[in-house]
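Here's the structure, in structure tokens; my notes come after.
The values are calculated or read from the model by the stated rules, or taken from the named source; none is laboratory data. As the structure is a prediction and not an experimental result, all values here were calculated from the model. Here the Cβ positions follow ideal geometry from the backbone for every residue, glycine too, while neighbour counts run over all protein chains shown. For the accessible areas, the whole protein counts, side chains as well, though only heavy atoms, and no ligand, DNA or RNA atoms are used. Shrake-Rupley method; radii C 1.70, N 1.55, O 1.52, S 1.80 Å.
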Amino acid sequence: RLMTVTSIHFLFRLLYSFCIMVEHTYIIEPAKSSRAKCKKCKEVIQKGELRIGDETPAPGGDYSTTAWKHPRCFAFPKSKKSEGVTVAEFVDELIDNYSGETPILQGEGEVEQLIADIEFTGRAAGSAKKKRGAADDGPPPEGSVAHLKEMRASLQEEEEGTSRAKKKLKLSEQDKAKVDIYIQYENATNDELKDILRWNHQLLTGNKDILMARVIDGQMRGRLARCPMCIRGKLALDNAAAKRVSCHGFYDDDIGAHHTCPFICSIEHAPREHPWFTEKPSEEEETAMKEAAEALKSGSKVSGGDDSLVTSLEDKAKDLDWDISTKEGKQNAVKDLIALCEQADVDLPKTNAKMEIGTIVTGYQGLSASQVAKLIAEKYGFVKQNEQAAEKKAAAVEALCNNPANSEIVQVMLELSNCYFKEGNSNAGITYKKVSAAVAGLDFEITEENAKGLGKNKTKVENIGKGSADKIYEFVTTGKIEKLEEKKAVLGL
């Protein structure tokens, strides 16, 4: 009888545990101490560092346990995904449920950064982690923060005469510079390192080693610029090994979705901006950086260097006969604006220019002619500047490809992806982002003979399906993709 009662009690607790097993609660907060380790990477989550917790009831329901992870290590829950919840919605829910006295994130930029961290798949770091094994116990990667710590310790032992090494440590000039910067900041707190990164508009996530790696890299090479491929995404070191730089993508307010970006390059070839601020920048310097960032964020093709062109266009627009109170007046205004923009070399759409400009004029009837002209310039940019931007982007895509001959295919797949995103079809947008990344990773040149094989049978490439392969074949054989041309015409691109 005793065994029967015990068995029933055990089964009851087992059944209860099973029932509550799926009840996960997700929370976000700054770490209250430096005791907890990330359940994914096993590194300590430093005090004040952002962490995401997965809280689950223990068997019996008397208490709960929480598994903490860095945002970059946190996998988006499959249960949320199956419910149709997006990462952005999930992050909004986390922030809404946060009960701290001060805001958990400062501004929309940090919210976007958190979304990017959760969505980031760890393209470079993830594949390396899967292959690691006994090598984990070996020496740290050359150039990593862990390696700098070892060099710092060895130099200190040599200075104190306690080194057991037979040969004196020899450092290159670059390593000496890195060690010097490391010594400068080795006692800095996470918040102090984040301040430096914040002054330079760099990413703030990660443990102390990653923050330190970003500060050292920035002080040696300059601020990481915006991604040359997607233009608006933030670049950051993949990890504390400080070998490669990747793009975190960006959040597009117009479509309410996060754009992923496959851009990865070596740390030496990453685009840079100067200067690197070791002290808080002045108001003028901060304003200049913010204006440049806002221009990119809003999708503007006009940068600071084009201010004179915009100003000139505004001045000439003041002389236009601007009466849009009647249908005839609107038609004349659109005609005059197009003529003025063409004279100023504004990069107007090749098709439907009249309809596009008409839509802007109608939508902003309360603005003056010069104000509308400025909006048009900001939306379409100028021919010469856009050509330069396109060349820069093409060079970035070519550098991304294992075989540079495939760079045009990568670029056209990215264009198709962006069109789908602008339409609101994020699933198709993500699909073609994956196709572009898959093509970029190929070592062989795609030709008319092998293009269709990318999507089927034994020659199928991961993330390339039959439809994508057909579009690649169409581009290789005709130099264009009809579907892309249709979408660009509809979107006015």
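Observations on the structure shown:
- Spin-label zone in segment 204-221 - amide nitrogen under 15 Å from a point set 7 Å from the Cα of M289 along the C-beta vector: 204-205, 214-221
- One chain, two ends: D336 and N352. Fully extended at 0.36 nm per residue, the span grows by 4.2 nm beyond their Cα-Cα distance.
- Counting 0.36 nm for each residue step from T326 to R152 and taking away their Cα separation leaves a gain of 55.1 nm.
- A probe of 1.4 angstrom, applied to the heavy atoms of all protein chains, finds Y185 with accessible area near 20 square angstrom.
- Label-to-label distance for A428 and K80 is 2.7 nm, based on points extended 7 Å past Cα in the beta-carbon direction.
- Set K316/K374; K78/K208; K194/K280; K434/K460; K47/K194 screened for pairs whose C-alpha atoms are more than 18 Å apart: K78/K208
- Length gained on full extension, V383 to K483, computed as 0.36 nm times the residue gap minus the Cα-Cα distance: 33.5 nm.
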